[in-house]
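Everything on this sheet refers to the single structure shown next.
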Amino acid sequence: MQKIQAIANQFTANIDNQKQPHLQANQSKTSSVCLRTLSDKELETFMFKMFTIYRNKWTHDLPEEPREKKFYLEAIKAEWAEGLADLTEQSIARGLYKIKLYCEWPPSIAEFRRHALPSPEDIGLPDVNTAIKIMLDTILKLDCMHDEIALRRARCEPVDDAIMVNPWSIPMIKYVVDVIGITAIRQMSDKEIKKEFTAIYLDACKKEGLVKSNAQNS
């Protein structure tokens, strides 16, 4: 418990000046994703917005000859349709908004996806350092709760329902803990915790920007 407390204190120092709200996630994480076919209207709207944002930068490499130009435009549309196929409408809108702010030149499909897929803050979750602090604090609460229960049972005292309350207030953080395992977390160094937690947490957040399979939606 002392090791967890020491690591928790270290992460506290990293976020003292941050004022991010700790909003709860609405769902258990992660889910499988599927590809969808963008409608002609969706694709045309996307292409028009890209042209509106970048004007001639979006089309400056296209050939002048009309038939050849049309061929290249159809090829570009096909590539983008494939590249956007697993993104939700909200993710595509997020990508368009962010590239307008941060990309002076038209992005590649891979770069667009990096902007489109959500960060924790985009979906109302705490940043990585704050999430790690919440996780470690919650593990400490669990330790104290288990100690209190064991002590009461040893004294043949009743165990209050209030003591056994679920301490995990953010399902996404609980998901990451379940993937890593509390026992494993207790044995990790602070660097190992940050590395493992960050990778799983950010990946799970990004998956919130992907289209869910029908099985997950039902």
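The values are calculated or read from the model by the stated rules, or taken from the named source; none is laboratory data. Bear in mind that the values here come from a model prediction, so they are computed numbers and not experimental data. We place every Cβ from the backbone using ideal geometry, glycine too, and count neighbours over all the protein chains shown.
Summary table below
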item	result
Selection status of Thr198, part of a helix (DSSP H, G or I), modelled with pLDDT under 95 and assigned by TED's automatic domain parsing to the domain that holds Ala131	no
Pairs, first farther than 14 Å from Leu210 by Cβ in segment 68-87, second among the hydroxyl-bearing types (Ser, Thr, Tyr) and exposed (fewer than 15 other Cβ atoms within 10 Å of the Cβ), C-beta under 8 Å, six or more apart	Ala81/Thr37
Extreme residue, surrounded by the most Cβ atoms within 10 Å (Cβ to Cβ), among residues of segment 174-195 that are assigned to a helix (DSSP H, G or I) and of a type in the set (S, T, N, Q)	Gln187
Pairs, first at positive phi in segment 123-139, second surrounded by fewer than 23 Cβ atoms within 10 Å (Cβ to Cβ), C-beta under 6 Å, six or more apart	Gly124/Leu23
Residues (assigned to a helix (DSSP H, G or I) and exposed (fewer than 14 other Cβ atoms within 10 Å of the Cβ)) located in segment 34-56	Asp40, Lys41, Glu44, Phe48, Thr52, Asn56
Count - residues of segment 64-102 that are loosely packed, with under 12 Cβ neighbours inside 10 Å and not acidic (Asp, Glu)	6
Residue under evaluation Trp105, criteria (1) crowded, with 20+ Cβ neighbours inside 10 Å; (2) hydrophobic (A, V, I, L, M, F, W, C); (3) outside any helix (DSSP H, G or I), criterion not met	(1)
Selection count, segment 54-93, where residues are under 25 Å from Ile123 (Cα atoms) and either of a type in the set (S, T, N, Q) or out of contact with any strand residue (DSSP E or B) (no Cβ under 9 Å at 6 or more places or on another chain) (or both)	12
Ala13 of a type outside the set (S, T, N, Q), surrounded by 13 or more Cβ atoms within 10 Å (Cβ to Cβ), assigned to a helix (DSSP H, G or I) and at pLDDT below 90	no
